[in-house]
1. Work from the charge dipole of the protein assembly as shown (Cβ charges, +1 for Lys and Arg, -1 for Asp and Glu, about the Cα centre) and give the residue of A:Gly127, A:Tyr249, B:Leu148 farthest towards its positive end.
2. Mind putting a number on the dipole of the range B:59-327 about its Cα centre? Charges go on the C-beta only, +1 for Lys and Arg and -1 for Asp and Glu, and I need it in Debye to the nearest 20.
3. Using the crude model of +1 on Lys and Arg Cβ and -1 on Asp and Glu Cβ, and no other charge, please compute the dipole size for chain A relative to its Cα centre, in debye to 20.
4. So for A:Phe246, B:Phe143, fewest C-beta neighbours within 10 Å to most, what's the order?
5. Along the charge dipole of the protein assembly as shown, Cβ charges K/R +1 and D/E -1, which of B:Pro178, A:Ala310, A:Tyr57 sits furthest on the positive end?
6. Starting from the amide H of B:Gln155, placed 1.01 Å from N in the peptide plane, find each other amide H under 5 Å away whose residue is 5 or more places distant or on another chain.
7. Let me have the 222 nm mean residue ellipticity of chain A computed from DSSP H runs of 4+ only, each contributing -39500 (n - 2.57), with the sum over all residues rounded to the nearest 500.
8. Over the range B:59-327, with a single point scatterer placed on each C-alpha, what log10 of the ratio I(q)/I(0) does the Debye formula yield at q = 0.09, 0.11, 0.12 1/Å?
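Rule-based calculations on the coordinates, nothing more; no lab input. Not measured: the values here are computed from a predicted model. Cβ coordinates were reconstructed from backbone atoms using ideal geometry, including for glycine residues, and neighbour counts include every protein chain displayed.
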Amino acid sequence: MNAVTTAARAKDRAPGLGARALRALVTQRLVLLVTLLVGLVVVMKLLERGGYLVASYSSDYLAASLIDAVPLGLLGLGQLVVIVSGRGGIDLSVGSMVSVSGMLFGFAIGEWGWPLVPAVLFALLSGGLLGAINGFFVSAMGFPALITTLATYYAYSSIALVVNDSSPISTGPIQDLTWLTRPVELPMFGQYVPDFPMGIFLFAIPVIVLLWLNVTRGTYGRQLYAIGTNDTAGRFAGVPVGSVRFRAYLVSGMVSGLVAVVTVSQFASARPDAGTAGNGMALPAITIAVLGGVAITGGVGRVVGVVVAAVLVVWLNAGILLSFEGSEGSQYQLLALGGVLIFAAILNGVTTRRYGGTS
Amino acid sequence: MTTTAPAPARSTMPLLSGRVTGQELVLLGVITLLWLALGVSTDTFIQAGTLSNLAYNVAPIALVGIGMTVVIVCGGIDVSVGSAVTVVTVIVAKLVRDQGVSLPVAVVVAVGVGALLGLVNGVLISVGRVHAIIITFGTLNVFRFVALRIFDSEQVAGVPGTLAVLGGGQTGETLHVPHAFVVMLLLAGAMWWYMRNTAGGRHLYAMGGDRLAARLAGVKVQRREVLAYVLTGVLVGLASCVVIGGGGLIGQNVGVGLELQVIAAVVIGGTSIMGGRGTVLGTVLGALLVGTVASGVTILHWPSQLTSLFVGVFILVAVGTDVVRERSRRRA
């Protein structure tokens, strides 16, 4: 109601370019994120010109740091699917799922001598199974997602630690996997652009494209947004609510399995606490999703937004790392992550009330 | 109506009837069974040393759990308590070590800083009108940053025993009962009474059951919400004092992951994560159960990582019984 009248009034007054730009900036998350991204690069370049950085904020550095965006962005996309599915959807267990799948992947490659492709499929499957357990409790039993995934966070993290007596697996075959994530020179026009990490092409782009097709072009996406917006309405419209929600958690689990492969090859070792050390992987993933414009209440969120948000956070982190000497940088990264999240959330709230929703 | 928290339990014990919910009785039973089983199968569990250690370990989780129960009952959540404990702990530990402040001053500072952090959460959530989990995820990171800056890249070593009265050692106990545990029980009892028997306490349930209806009925929803987070902050301050009292060395990872343990205790205690239902008594029992499991796993010489597996299973079982009970109540 209010939104309609505001929009109508705005149209009557025929606002100028500035007003429209401001409106796009605060109501369209993608515009805001891209503006922030450009602003970040400009500021960092200026700082570099002024000699405030410990190393160059070059395009090579930015391209190489994108490997950190792969796990972060993929898990953020997993959260997107789960949160959009609605009814308090959230997945706190992704870090533990990464740990378990990573250990199983490590066993397959490093101890049982499996070839790469079956081992990756094995990691995907194990992640999918763990996600299916979450999905079963949430969709079939009607447990609140926050509590279910808190419980499975505990259970899975325990399994990951017990399975190999808390020690990592880093045998020869695993150490040979680092090519999966190392920067490579692109064929044909490779000398004109910086070297991008292999993981982007192997893991990130396929998942992004697949998810984007499913969520925006397929039936599944329509059903997902439908039940996320209104569970009951979805049921009356003939959407198989339980199955759609179940599959959201399944996707989150499979994405975690894939992220496990990325982290194992990145660190040349399958660590039992890969996804749970410190504050774990779930928090940054949820942060990325919310920053990318996913509404925690469900039914709203875009794949592109999450991807850009992941790149923004990773480049911001990379810039912060260059601005400080020693370990101070990693501390300021926490401040930046928290500050950006609160800023985005409050902006979301304000724009929803003032302009009637972000897109 | 889902807001009538301590539903009249069809208890066979007339004394407890109506005062204790089903979940609490079940918990009490499970804890008793575990204690009996551990007492029979090991000869070290039923010992003053083990039990007082258990009580001391449970105290900080249950203390923060009291506040978390209030926050969750009125429809919110606070995942930043772990980082808040880190902040308060490092500030007070440094004050005690470098300035040599006395016990009362240390406690007042701890409570004050904790309340301030809670106020930040409460104001951002209430005024910003953003979902609590998002804001507290954000402040989790920000608080951790603040704590790490104060730590200044090293542990706080050699903290004098000013706060040992609240700690787990000899000075922190009377007749093998840790003072921290007694303080926790007193506060939990007071809060339990407040939430059950006063209008203000009932308002908390009303807010969690239906925020809009509560506001229309005249509950000052925003103010109560902020106060709930401030209360949690105050309890975070007390819990930090207990942590500092425990030992002379404060590592940089103090408090990390505490929020999950606290939420686990609250949920196992039968508080509904959707708000409107739950008691402080249940939370204390939930914390005791988690502590018992951890202690039991240690005594049985099982790998200590198994504790989290059991905690996870207990959470699922607790939520399962809650969901089943809620369904049967709605059908009735």
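1. Farthest along the dipole direction, towards plus: A:Tyr249.
2. Details: 15 positive and 10 negative charges, 158 e Å.
In total the dipole reaches around 760 debye.
3. Working: 19 positive and 14 negative charges, 381 e Å.
My answer is approximately 1820 debye.
4. Details: A:Phe246 21, B:Phe143 27.
Ascending number of Cβ neighbours within 10 Å: A:Phe246, B:Phe143.
5. A:Ala310
6. Under 5 Å from the amide H of B:Gln155 lies no amide H from a residue far enough along the sequence or on another chain.
7. -22000 deg cm²/dmol
8. Calculated log10 I(q)/I(0) at the listed q: -0.40, -0.60, -0.72.
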